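One structure below.
None of the figures in this text is laboratory data; all of them are computed from the coordinates on show. Computed from a prediction, not measured in an experiment: that's the story for all the values here. When we count neighbours, we look across all protein chains shown, and the Cβ atoms used for this are built from the backbone with ideal geometry, even at glycine.
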Amino acid sequence: MDINKLMKEARRMQEELQRKLEELKVEGSSGGGMVVVTMDGAKNVLDIKISEEIFKENDVEMLQDLILAAIQDASSKVEEESKNLIGSLGLPPGLF
């Protein structure tokens with residue numbers, strides 16, 4: 001077994017995983033789609049869309065809760081997609 005070849009392959013797989021995570025975009029939502037958060041594979045929030053209906057309620061706490069729930073939903077989806085990407089590369093879970 002050639003350790004250099006093995007290390008080169010591991011680096012290639014890590015770079016491929018990183019590229020795929022950078023390209024990943026997921027949406028999380030709450031309140032039946034009243035708040036939608038778009039997040040990338042590094043869990044950076046890229047966009048937040050808030051339905052105008054929420055503002056009719058004048059309930060700031062509800063809006064805050066919906067935003068948090070949408071972010072948590074998107075974050076969970078990033079985790080799931082990351083696990084799927086790692087699995088698709090044939091890597092054991094927890095390696096990266």
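Remarks
- Amide H contacts for Gly41 (H built 1.01 Å from N in the peptide plane; partners 5 or more residues away or on another chain; cut-off under 5 Å): Leu24.
- Note that segment 3-17 has calculated 3J(HN,Hα) couplings of 5, 5, 5, 5, 5, 5, 5, 4, 4, 4, 5, 5, 5, 5, 4 Hz, one per residue in order, obtained from phi through the Karplus relation 6.51 cos²θ - 1.76 cosθ + 1.60 (θ = phi - 60°); glycine and proline are x.
- For Leu89, no residue has an amide H sitting under 5 Å from its own, ignoring neighbours fewer than 5 places away on the same chain, with H placed 1.01 Å from N.
- Legend: residue pairs Lys5/Lys77; Lys25/Lys56; Lys49/Lys83; Lys5/Lys83; Lys43/Lys83, Cα-Cα distance threshold 22 Å; pairs beyond threshold, Lys5/Lys77; Lys25/Lys56; Lys49/Lys83; Lys5/Lys83.
- Highest mean packing comes first when the peptides 44-57, 69-82 are listed by Cβ atoms within 10 Å, giving 69-82, 44-57.
- Look at (i) 1.46; (ii) 1.21; (iii) 1.37: the one that is Cα Rg over 2.2 N^0.38 Å derived from this structure is (i).
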